[in-house]
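The values are calculated or read from the model by the stated rules, or taken from the named source; none is laboratory data. Remember, predicted model here, so these are calculated numbers, not experimental data. Cβ atoms come from the backbone with ideal geometry, glycine included; neighbour counts cover every protein chain shown. We work out accessible area using only protein heavy atoms, side chains counted, and drop any ligands, DNA or RNA first. Shrake-Rupley method; radii C 1.70, N 1.55, O 1.52, S 1.80 Å.
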Amino acid sequence: MSQSKHYNAYKEFQDHMNILGRRYELSRVFDDFLSLAICSFHRTNIQSKLTQKDATNEELYHSIINKYDQKAIDLFPKLLGALQLSVYNEPYSDLLGDYFTEHITRGQNGQFFTPQPICELMSRINACDITQGKRVYDPSCGSGRTLLSFAKHAPDNYFFGNDVSSTCAKMTTLNFFLNGLRGEVAWMNTLSLEWYNAWQVNCQGIGILPVPKENSILYQEKPHTKNHKRHNKEQLTLF
Ligand SMILES: C[S@@+](CC[C@H](N)C(=O)[O-])C[C@H]1O[C@@H](n2cnc3c(N)ncnc32)[C@H](O)[C@@H]1O
């Protein structure tokens, strides 16, 4: 993958965001874009090829999109197109994390993501092509880039990420979906175990499914509590 291809998709994404950011608050637009994209890839939409709709998902989608005028609404698919192009050009790359780091976060909660070459080094040390069917976990996943790097070398595993920031959890969810990873992302505090939301990705078929606490693997199995022992042998933790 050439640097210019990555730059082109990133620049296109950035240009559309700049236009939206002149009229709406930039971090709000970014977070809304993530929510809208996750709604679009809801498992019901994907599996029924849009012949059926999930009522709760539709309600959420409309509550977000109704805040914008038509000119802005027309830019959201273009943002998604640029994001998809970046994955097509360079699978397992992290346009969302790059944009978030450059334009959105001010480093709150330690939101400084691991540089790609370090992710690559760590995943080469931890992963090999015989690593299969394991749980791979980042308890403070950011945009999910350590997990993406692992998946590049060993995709046939189950990927799990938590983050206390809903924006980060949503970036990871989209990154999982667009790269065909299977697993779950929870918006939760990994230390206090306060749980807010979770999304299962490409489980029981392609698509994203928001799950309640009682169905959240990450909440129910709490990898760092006493249940941890049960899965210790099959779980790799990246952090
Ligand atoms: C240094 S970044 C690392 C992100 C990612 N693991 C990486 O290597 O690129 C730390 C992340 O931890 C998250 N975080 C901070 N406190 C947390 C907590 N108590 N529970 C879950 N996530 C937390 C932040 O929102 C941030 O995304």
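For the range 25-108, which GluC sites (Glu not before Pro) pass both filters: DSSP loop (anything but H, G, I, E, B) and at most 10 other C-beta atoms within 10 Å? Mind showing how you got there, number by number?
Details: sites: 25, 58, 59, 102; in loops: 25.
Passing both the DSSP loop test and the Cβ count: no residue.
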GNM on the chain, Cα springs under 10 Å; top mean-square fluctuation among 52, 116, 84 goes to 52
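Which entries in 11/170; 53/170; 78/170; 49/134; 67/170; 11/71 show an alpha-carbon gap greater than 23 Å? Mind dumping the intermediate values first?
Numbers: 11/170 21 Å; 53/170 21 Å; 78/170 19 Å; 49/134 31 Å; 67/170 20 Å; 11/71 20 Å.
Going by Cα-Cα distance, 49/134 fall outside the 23 Å limit.
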Kindly express, to the nearest 10 degrees and within the range 0 to 90, the angle between helix 26-40's C-alpha long axis and the longest C-alpha principal axis of the chain. 70 degrees
Using a 1.4 Å probe and counting only protein heavy atoms, arrange 106, 145, 23 so the residue with the most accessible area comes first. 106, 23, 145
What accessible area per residue comes out for the range 116-237, rounded to a whole number of Å², with a 1.4 Å probe? 45 Å²
Who wins for biggest fluctuation among 21, 107, 183 in a Gaussian network model of the chain, springs between alpha carbons below 10 Å? 107
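May I ask you to give the percent of accessible area on the range 101-156 that is carbon plus sulfur, with a probe radius of 1.4 Å?
With neighbouring chains kept in place, the figure for the range 101-156 is 52 percent.
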In the P(r) worked out for the range 3-105, what percent of Cα pairs fall beyond 17 Å? 55 percent
Which percent, to the nearest 5, of DSSP beta bridges fully inside the range 116-237 are antiparallel? 45 percent
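What value, in deg cm²/dmol to 500, does the helix sum -39500 (n - 2.57) over DSSP H runs of n ≥ 4 give at 222 nm once divided by the residues of the chain?
-14500 deg cm²/dmol, from helical runs alone.
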Find the accessible area per residue for the range 3-105; the probe is 1.4 Å, ligands and nucleic acids are left out, and the unit is Å². 52 Å²
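If you restrict to DSSP beta bridges whose two residues both lie in the chain, what percentage is antiparallel, to the nearest 5?
40 percent
Using only the C-alpha atoms of the chain, find the volume of their convex hull and express it per residue in Å³.
Convex hull volume per residue, Cα atoms: 127 Å³.
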